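A.B. asks: Okay, handing you the structure first.
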Amino acid sequence: MNPMFDVRELADIYGLPEETAKAELLKSLSNSLSTVFGAEIEVLSSEAGALEIYSYRDSSGDLQVRSIPLSSIGRHAIKRIRRDLSLSLAKIRVLRDYDLSRDLVGRVVEGMIVKAVNHGSLSIRLQANGSCNPGNLVGSCPYRFQTPKERGTYRPGDVLSFQVLKVSPVMENGMPRLEITLGRNGRGLVEGLIMKRVWENPSCRDVKARCVKRIAGAYSEVVSTAPVSRDAIKSVSDELKEYIRVVRKS
């Protein structure tokens, strides 16, 4: 493959398999050059890995095929190709990450704060395990979803639990990205943490808990189908710095 389009480097940058990066490179080159030359262009890869560019033009009913040397492509065309290729590879990565991570919605995950802005959003690097986290996913916790008494106390490096509220592919400044919205002040966070502690005991896998009331940072009331250990309740209470009351569902 031509050094100006290093497939392995592209695969590393976008976290994609080399075959996927190579296929998208050939497709993007074909589409971009077709626009530049105003003709049907197809870019292929030879057995040796070199790029081969062909122009197809229908003249008087006869299909004419012409080989175009890569060296004849101008700088402006190369710039356009790189831009189009970056966009197409980024779309593939974002859609792949979305497909893998959309099951995180509603779940409780740990994340490390990488940026904290007073009266603004927190940038969080997710630490979810397994296939749901395809890479270094970064989410945001908007000010309105932060626990009131915690606002202004968050610091980069803090590792906290968050509930995943939304996962959605979006366009920002002309480039796709995965938008992950996290929250600290919802009832789902309490439920998720209680269940996480309860399910550490394999014999309690059938236990269900639901948070019916919460004043974030102060008080939560949880209804459970079975008794919840004091250690589990204390662990969640200490983490959220609020009183947790668990009642048995009758």
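The values are calculated or read from the model by the stated rules, or taken from the named source; none is laboratory data. Predicted model only: the values in this text are computed from it and were never measured. Counting neighbours? That spans all protein chains shown, and the Cβs are built from the backbone with ideal geometry, glycine included.
A.B. asks: Against the conditions (1) among the small types (Gly, Ala, Ser); (2) at pLDDT below 85; (3) closer than 24 Å to Asn136 by Cα, where does Ala48 fall short? Just the number, please.
C.D. replies: (3)
A.B. asks: Here's a follow-up. Go through Val138, Val207 for me and flag whichever is outside the structural domain of Ala226 (by TED's automatic domain parsing) and either surrounded by 17 or more Cβ atoms within 10 Å (Cβ to Cβ) or over 13 Å from Gly106 (Cα atoms) (or both).
C.D. replies: So the residue among Val138, Val207 that is outside the structural domain of Ala226 (by TED's automatic domain parsing) and either surrounded by 17 or more Cβ atoms within 10 Å (Cβ to Cβ) or over 13 Å from Gly106 (Cα atoms) (or both) is Val138.
A.B. asks: From the list Glu200, Glu172, Glu110, Glu179, which one is within 17 Å of the chain's Cα centre (by Cα), exposed (fewer than 13 other Cβ atoms within 10 Å of the Cβ) and among the acidic types (Asp, Glu)?
C.D. replies: It is Glu172.
A.B. asks: Being under 18 Å from the mean Cα position of the chain (by Cα) and of a type outside the set (Phe, Trp, Tyr) is the filter here; which residues of the range 10-30 pass it?
C.D. replies: Matches in the range 10-30: Ala11, Asp12, Ile13, Gly15, Leu16, Pro17.
A.B. asks: Does Ser46 qualify as being in contact with a strand residue (DSSP E or B) (Cβ under 6 Å, 6 or more places away or on another chain) and under 30 Å from Ser168 (Cα atoms)?
C.D. replies: Spelling it out, it is not the case that Ser46 is in contact with a strand residue (DSSP E or B) (Cβ under 6 Å, 6 or more places away or on another chain) and under 30 Å from Ser168 (Cα atoms).
A.B. asks: Right, here's the next one. Here is a list: Leu87, Leu25, Leu16, Leu95. Which entry is assigned to a helix (DSSP H, G or I) and either at pLDDT below 85 or in contact with a helix residue (DSSP H, G or I) (Cβ under 7 Å, 6 or more places away or on another chain) (or both)?
C.D. replies: When all the criteria are applied, what remains is Leu25.
A.B. asks: Please go through the range 221-240 and give me each residue that is under 33 Å from the mean Cα position of the chain (by Cα), surrounded by 12 or more Cβ atoms within 10 Å (Cβ to Cβ) and under 25 Å from Val159 (Cβ atoms), ordered by number.
C.D. replies: Listed by number, the residues that qualify are Val222, Ala232, Ile233, Lys234, Ser235, Val236, Ser237, Glu239, Leu240.
A.B. asks: Tell me yes or no: at least one residue of the range 143-159 is aromatic (Phe, Trp, Tyr), closer than 21 Å to Asp103 by Cβ, crowded, with 21+ Cβ neighbours inside 10 Å and at pLDDT 90 or above.
C.D. replies: No, that holds for no residue.
A.B. asks: Could I ask something else about it? Among the residues of the range 19-35 satisfying the criterion of being closer than 19 Å to Arg93 by Cβ and without any contact (Cβ under 8 Å) to a residue 12 or more places away in the chain, which is surrounded by the most Cβ atoms within 10 Å (Cβ to Cβ)?
C.D. replies: By that ranking, first place goes to Ala23.
A.B. asks: Which of the residues spanning the range 98-114 are farther than 20 Å from Pro148 by Cβ and part of a strand (DSSP E or B)?
C.D. replies: Listed by number, the residues that qualify are Val109, Glu110, Met112, Val114.
A.B. asks: List the number of the failed condition for Leu104; all other conditions in (1) more than 25 Å from Ser34 (Cα to Cα); (2) free of Cβ contacts under 8 Å to residues at least 60 places away in the same chain; (3) not hydroxyl-bearing (Ser, Thr, Tyr) hold.
C.D. replies: The failed condition is (2).
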